[in-house]
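The values are calculated or read from the model by the stated rules, or taken from the named source; none is laboratory data. Every value quoted in this text rests on a predicted model; they were computed, and no experiment measured them. Note: ideal-geometry Cβ built from the backbone for every residue, glycine included; neighbour counts use all protein chains shown. Just so you know, the surface numbers come from the protein's heavy atoms only, side chains and all, with ligands and any DNA or RNA stripped out. Shrake-Rupley method; radii C 1.70, N 1.55, O 1.52, S 1.80 Å.
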Amino acid sequence: MMTLLAIDLLEPLQYGFMVQMLILAALIGAVCATLSCFLVLRGWSLMGDAISHAVLPGIVLAYVVGLPLTVGAFIAGMFCAAATGWIKARSAIKEDTVMGIVFTGLFALGLVLMTLVKSDIHFDHVILGSLLGIEKPQMIQMFITCGLTLMVVLIKRKDLLLLCFDPAQAKTIGLNTTFLYYLLLTLLAATTVAALQAVGIILTVAMLITPGSIALMWTNRFGRMLWIAVGCAVFSSVLGAYMSYFIDNSTAGFIVLIQSILFAITVVIAPQHGLIARWRRVNAMLNQQELSPR
């Protein structure tokens, strides 16, 4: 009985396309989780949402002019980030409001272009993603993009961390905060382009926000935060891809659903910021007040 169960569970590993999907899912999860930590600390969760939605018109226009779709997506993502920074610097509108206006406008433009442009490709795959539909050239692009992103983050980790925690201090000690600002945006745009090929525009947002949010509730140390975020993301990515084989459903949907479940569990049991921990602290304070002399 146990032998048959083990054989059934190992069945997906017999197929090359499943092994490829598991590797890609783990890679995308790890890179998104790494950037997620910086975005959560910087308060840029909406920026990931903005760029992931803003790439749609770039993809459609790239198809029209005959460029690789990833090039159009990257240019559109960078345009969204640059436009957000430019408008924020020259107006009294808050950054999150500017992001919301820019990305919804660009996403709406992309939807309009999708209906106007007749093509032999399905732009719906860009919105929903398809891990099994990734071809070899796209796979190579993803590996290169993810590898370069991780390398740059490793080299510039301390500078980017200081930018997220205290931009004023970073500028005081001589760091080029403008360069770091746009470097982080460039990494975010590149990662978004890589991820949307796998999980689509909509679910890329969750992969750029949820792992860092989970990790932040478990620790106050950035090194541990990175490991926890990457661990959660890789676990959910591999398990989600694995489950989609047996249930024959959306791989990206399963991945994000598992991340959401992990976040819900974290909200309850996190040692410092979880509901149980807060309930215990409140009870301890009430007991101390009852025992203290009046």
Residue count, the range 156-187, condition open to solvent by 40 Å² or more (accessible area, probe 1.4 Å) and within 20 Å of the chain's Cα centre (by Cα), comes to 5
Tabulated pairs, the range 180-194, first in contact (Cβ under 8 Å) with a residue 40 or more places away in the chain, second open to solvent by 10 Å² or more (accessible area, probe 1.4 Å) and not in a helix (DSSP H, G or I), C-beta under 7 angstrom, 6+ apart or interchain: none
Check on Leu67, open to solvent by 40 Å² or more (accessible area, probe 1.4 Å) and either in contact with a Leu (Cβ under 7 Å, 6 or more places away or on another chain) or farther than 18 Å from Thr178 by Cα (or both): yes
Out of Trp279, Trp227, sole residue that is part of a helix (DSSP H, G or I), open to solvent by 50 Å² or more (accessible area, probe 1.4 Å), closer than 28 Å to Leu154 by Cα and of a type outside the set (D, E, K, R): Trp227
Can you say whether Thr145 is touching a residue at least 24 places away in the same chain (Cβ under 8 Å), more than 22 Å from Phe79 (Cα to Cα), part of a helix (DSSP H, G or I) and open to solvent by 10 Å² or more (accessible area, probe 1.4 Å), as far as the supplied structure shows? no
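Having 1 or more residues that are at pLDDT 75 or above is the bar; report the helices (runs of 4 or more DSSP H) wholly within the range 42-136 that clear it.
45-65, 69-89, 95-116
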Could you tell me which numbered condition Val117 fails, if it satisfies all but one of (1) over 19 Å from the mean Cα position of the chain (by Cα); (2) open to solvent by 30 Å² or more (accessible area, probe 1.4 Å); (3) closer than 20 Å to Trp44 by Cβ? (3)
From (1) under 18 Å from the mean Cα position of the chain (by Cα); (2) open to solvent by 40 Å² or more (accessible area, probe 1.4 Å); (3) more than 27 Å from Cys164 (Cα to Cα), pick out the condition that doesn't hold for Ala241. (2)
If we ask which residues in the range 244-257 are open to solvent by less than 60 Å² (accessible area, probe 1.4 Å) and either of a type in the set (Ser, Thr, Tyr) or in contact with a Cys (Cβ under 9 Å, 6 or more places away or on another chain) (or both), their number turns out to be 3
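Going by the structure shown, is Gly174 outside any helix (DSSP H, G or I), modelled with pLDDT under 90 and either on the phi > 0 side of the Ramachandran plot or not polar (S, T, N, Q) (or both)? Quick ask: steps written out before the conclusion?
Values: outside any helix (DSSP H, G or I): yes; modelled with pLDDT under 90: yes; either on the phi > 0 side of the Ramachandran plot or not polar (S, T, N, Q) (or both): yes.
So Gly174 fits the description; yes.
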